[in-house]
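Down below is the structure, laid out as structure tokens.
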């Protein structure tokens, strides 16, 4: 918004999820909730259909606008914000086009890549802004083709800022947003949902308010699906504008752009760029408190809440679009006070669903990436088919290589110094590594007083679900069973259960107990002896970094470990333990020891050598207790193993 | 066997099932049990691999030989026998080649079609015999191609009977079984498993016992996978033969052919054809009792049991091949006394699995054909893909037309006169039809004193599982809710449960309650009002013969109504209520009123007009209670409906 004076962008999100966690993950689950209770409709509908359905059902919605950040670190933070704010259930988000920031490039801060991340990794319905002035037709077509390739389905068509002081029309060029709308419809037919900008007080450069309305009508008649407006300060302004639009035959949805005032300077800058006039009654309140940021923000929230209430109460407004300025607090506060922030959005599946159209049918994944869903999406992005119903139905395509896994959205959110504080400036033995795992599980500070809030395999704190297993996990980690993933068994809890529930209401969810850990070859030897006694009740896969693999899985078949039964549909089994993909996960899981942990230390340092030793000699083990209606026997397996060792 | 003097045929069966019933069917379940506890291995292995696995595991097996019958009625009876004897768990069956009976034709009594039925409709691993003498290479290739096309995977290669009195070798012709073995391997590579005949006392036309052993070795070295022997009367005969075979380097499995003596005349005929000598000690017993069939059979059973015990105790015999003469009693008795008849063979799936290689992956079907699995297999035989995991995964191919559904294996086993006794020589009202349905449910005789043991939709008596619902079914049928299919809800019973269990042991099976019935439009009107109260808990499909269709199923999605959770594998959901295929089933279900019932009566007769009226005016209804952990609410739905009507 602040980057583009001409129009407010438009944004918000609908089917969502996040990267921080998923079923059986040890990282926090709060941020992985998806907003939409109806799985299928939501994943298969286009944005304009979702909008229509919400309008028909009388269900009010909101959307969120963000701009691309300037640095890679800021991008990592913005993505976390997508996850957190996505949890509130936006119908869509939008990402502004930043002509100065090489917006169509592959840079991690470009508009294109930020929008790509929102769709593919955060599972958010996303609109990408695009401006056309001062660009060639080929450039624009190239951007649109790239957007389509990345799975983006919605474009906000804008004119953009003129380069010079006074703007002049180019013959045969893209002079107005309407030219871009026409171009999109000509070249891409009905593929994109197209949004255009509306100006409740008229575009600052338009001859008149009436002339501007006419331009808007042209954009709509050229093929735009809906309108998002520039910000305004009084609800009457918008309601009059809407009435005027309808009077001249504009019938598509018109979404008011809401700008919660968050500070004196941002307001001033915005007003300058947008050439809007701030009403005197607002100036009167703000000027006296202009140095008190908190007071201004509180006032801004109050103002936004009361204006939004008036809009919603009018009966003609069904959704609200928020200019967030990439900030969380004010917008979230307004949404919560309006009661349209989803406090407990339902998850359509236990893991983070990608919003890429190609992945619509995807409904089963290996459990191994439960805490690293973005990595999973990244490594499977080249797949043509996604498993639907059964894991084995997909012809086990190769997983993407690890060589690119340093990509910014797969990296830890925490800087090196913080990681060193959490994982130890200096390691003295394998036991000091056990201690780090144990602190992560318990939430207690380590011996230097720092809490361990992430691990190489889990970028977020322990998931609520994993809390159920905390006591046992602590015990085993202390003794060198270094757990990185687990889930309890569940025998038919309602799908609305706040901790383990997912999918449509009226269903029942089930889980087999799962435990995944690194451990020494000594422990593995004892474990194998113990496992013999459990026969087929416990399935295991045990592998070291060289790929030496021990398993009792029959015929390398996948084992379903999470499933749900719902009214009027087939069984959904979203998580499996798959012996084949486990070997791809193994490479990633072992590499994380080196890439994220060992490399914090100097080469040849004792700390680095300890991690390297573990990497070279430990085994990665997963265990499934097949007998889900009985008490989880995996803790007994581990106890028996330690007993055998003593 | 009696049709072919040269060699004993070979036969038995392994993965099996039948046509009489299946999950949720109202017909008897006893005959639908499948013999093999390991679903996948069994369906994917070739016969020689199954044999090897059984040998390795020390698990003794048997097989059964049949010959093609002379009439279509006898063929229908033989197929019922396949179902019943298949239930005992043969590793395979075999069907002899009857050169006089146009064995490769499409006649319902040909060797080819009988074997086809055994494989495709009865789900039995089947060996088709084939003789080569007096046939052209093209004829033989044509037979083999046809066999392959029909899904047959095993051939017994035989010479066959010479046409004249004295047989002369043809240059370049097929003179010996070994020529046929070579031809099969040349033309079909490794596609078929090939069996050849062995003669424990030497072939009657061979120069010597030793020369005959050499011929056998040639057949094996030409590519035969195993040997089945001609019958013999003493275990020493076989054990010596086996030792002699091994001495000259024959290492493939050699299966003894067992002939339980069943009567004086059949023994005499057999001896004449096979040129075998009956030992004096047997003659001494039989001659004095030659007119007492029962006594001879008892003696034959005793003799066979003791000989089989000696063979099995020798440690070198792992399977026994029975010449059944198409009779059930003696062979079944011997097998039961030996303890190798599976009293409770496990079902790999709740419905009758076809043994056609194309259908290997098939593991989900609509519930509608539960009582008519042969019809389902027939109507889907042209499908290229079979649903695996999800019903929707198959691109909903068209069902085969009904025009051919009079095919003999889809017809009722009972003749017209019997059906009239059961269903009424004369119908006086719709209520007299209700009475027939009620008698079928209760097992009580009808007003003329006849028990109703089958219905047009169910060719067998009520299934054990349906017995659980008997009381309620009786009540509703009496009032005009004419049930044709139902299953109770099941919330996690062990997969070994004798009534509702299926699949490998160590698993849990589940069901949603299901009820399918015909009923009047008056009742449907009330029912629809009642169903509103149950909202999404109950899914319904209601359709009349014209295809007017009322449903609350979302997006025409299938609803899984039977599923199982097993150690180390994905969820299996073998039965669904599918809205799309329901319309194909509807055509069949309505047509059965006319084809099987109305046509028993004269045209224009009142009885026929009553059935015609029901056909034209009733609705076919199915109901699913989605809330499987709670008490089945479908009876309450029906009670509420009757209450509303009163």
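What are the label-to-label distances in nm, one decimal and shortest first, from residue A:269 to the same spot in the other copies, with labels 7 Å along Cα to Cβ?
Label-point separations across copies, in nm and ascending: 10.3.
I want to check the label-to-label distance for residue B:418 and residue B:77. Put each point 7 Å from Cα in the C-beta direction and report it in nm to one decimal.
Result for the modelled spin labels: 1.0 nm.
Once you treat every alpha carbon in segment A:295-396 as an equal point and sum by Debye, what is log10 I(q)/I(0) at q = 0.19, 0.21, 0.22 Å⁻¹?
Here the Debye-derived log intensity ratios amount to -0.92, -1.03, -1.09.
Give me P(r) over chain B, computed from all C-alpha to C-alpha distances, binned every 10 Å, as integer percentages.
Final binned percentages: 3, 16, 25, 23, 16, 11, 5, 1, 0.
Under the 0.36 nm per residue contour assumption, what length would be gained going from the current alpha-carbon distance of residue B:631 and residue B:141 to full extension?
My answer for the length gained is 170.5 nm.
Grab the beta carbon distance between residue B:252 and residue A:186, set R0 = 56 Å, and tell me the FRET efficiency rounded to 0.05.
So, using R0 = 56 Å, E works out to roughly 0.20.
Using the 10 angstrom Cβ neighbour count as an exposure proxy, how do B:635, A:597 rank, fewest first?
Ranked by crowding around the Cβ, least crowded first: B:635, A:597.
Residue of B with Cβ nearest the axis relating B to A, plus distance in whole Å?
Taking the axis that maps B onto A, the answer comes out as B:389, 2.
Compute the FRET efficiency between residue B:302 and residue B:149 as 1/(1 + (r/R0)^6), taking r as their Cβ-Cβ distance and R0 = 56 Å, and round to the nearest 0.05.
So, using R0 = 56 Å, E works out to roughly 0.80.
Could you tell me the calculated FRET efficiency between residue B:265 and residue B:44, based on Cβ-Cβ distance and R0 = 51 angstrom, to the nearest 0.05?
Given R0 = 51 Å and the Cβ-Cβ separation, E is 0.70.
Could you state the principal axis extents of the C-alpha atoms in segment B:155-272, from the largest down, to the nearest angstrom?
So the extents along the principal axes, rounded to whole Å, are 43, 35, 27.
Stretch residue B:521-residue B:556 to full length: gain in nm at 0.36 nm per residue minus the Cα-Cα span?
This chain segment gains 10.3 nm when fully extended.
Before rounding to the nearest 500, sum -39500 (n - 2.57) across all DSSP H runs of length at least 4 in chain B and divide by the residue total; then give [θ] at 222 nm in deg cm²/dmol.
Computed mean residue ellipticity for chain B: -11000 deg cm²/dmol.
So what is the diffusion coefficient of the protein assembly as shown in µm² per second by Stokes-Einstein at 37 °C and 0.692 mPa s, using a Kirkwood Rh over Cα pairs?
Translational D for this selection: 93 µm²/s.
May I ask you to report, in nm to one decimal and beginning with the shortest, the distances from residue A:520 to the same position in the other copies, taking label points 7 Å along Cα-to-Cβ?
Output for residue A:520: 8.2 nm, nearest copy listed first.
Label-point separation (nm) for residue B:401 and residue A:599, each offset 7 Å from Cα along Cα-to-Cβ?
6.8 nm
Once you place label points 7 Å from the Cα toward the Cβ at residue B:583 and residue B:475, how far apart are they in nm?
3.6 nm
At q = 0.31 Å⁻¹, work out log10 I(q)/I(0) for segment B:89-146 with the Debye formula, treating every Cα as an identical point scatterer and leaving solvent out; two decimals please.
At q = 0.31 Å⁻¹ the computed log10 ratios are -1.34.
For peptide A:570-576, what's the mean number of Cβ atoms from other chains within 10 Å of each residue's Cβ?
Mean number of neighbouring Cβ atoms from other chains: 6.
Which residues does a label at residue B:218 reach in segment B:107-147, if reach means a backbone N under 17 Å from a point 7 Å past the Cα toward the Cβ?
In segment B:107-147, the label zone of residue B:218 (backbone N under 17 Å from the point 7 Å along Cα→Cβ) covers B:132-134.
Taking a cut-off of 21 Å, what percent of all Cα-Cα pairs in segment A:85-197 are separated by more than that?
In whole percent, the long-distance tail amounts to 34.
If you wrap a convex hull around the C-alpha atoms of segment A:498-646 and split its volume per residue, what is the figure in Å³?
It comes to 150 Å³ per residue, whole-number rounded.
Quick one: plug the Kirkwood hydrodynamic radius of segment B:365-645 (C-alpha pairs) into Stokes-Einstein at 25 °C, 0.890 mPa s, and report D in µm²/s.
125 µm²/s
When only C-alpha pairs under 8 Å and at least 6 residues apart count, what is the relative contact order of segment B:365-645, in percent?
Normalised by residue count, the contact order of segment B:365-645 is 21 percent.
For residue B:360, place a label point 7 Å out from Cα along the Cα→Cβ vector, do the same in each other copy, and report the separations in nm, one decimal, smallest first.
Distances between equivalent label points, in nm: 3.3.
Which distance in Å, rounded to a whole number, links the C-alpha centroids of segment A:359-391 and segment B:544-580?
25 Å
What is chain B's relative contact order, in percent, from Cα pairs under 8 angstrom and six or more apart in sequence?
Computed value for chain B: 16 percent relative contact order.
Work out how much length residue B:431 to residue B:55 would gain on full extension: take 0.36 nm times their residue separation and subtract the Cα-Cα distance, in nm to one decimal.
Taking residue B:431 through residue B:55 to full extension adds about 129.5 nm, to one decimal.
Order of B:384-390, A:145-151 by packing, highest average Cβ count within 10 Å first?
B:384-390, A:145-151
For peptide B:613-626, compute the average count of partner chain beta-carbon atoms within 10 Å of each residue's beta-carbon.
1
Which of the peptides A:562-575, A:231-244, B:213-226 is most tightly packed, and how do the rest follow, going by the mean number of other Cβ atoms within 10 Å of each residue?
In descending order of packing, they fall as A:562-575, B:213-226, A:231-244.
Treating the Cα atoms of segment B:605-645 as identical point scatterers in vacuum, please give the log10 of the normalised Debye intensity I(q)/I(0) at q = 0.20, 0.35 Å⁻¹, two decimals.
These q points yield log10 I(q)/I(0) values of -0.76, -1.08.
Can you tell me the order of B:370-379, B:529-538 when each peptide is scored by its average per-residue count of other Cβ atoms within 10 angstrom, highest first?
B:370-379, B:529-538
What is the mean number of Cβ atoms from other protein chains located within 10 Å of the Cβ atom of each residue in peptide B:558-568, rounded to a whole number?
6
Just so you know, all these numbers are worked out from the coordinates, no wet-lab data involved. On a predicted model such as this, the values are computed, not experimentally measured, just so you know. Reconstructed Cβ throughout: ideal geometry from the backbone, glycine too, with neighbour counts over all protein chains shown.
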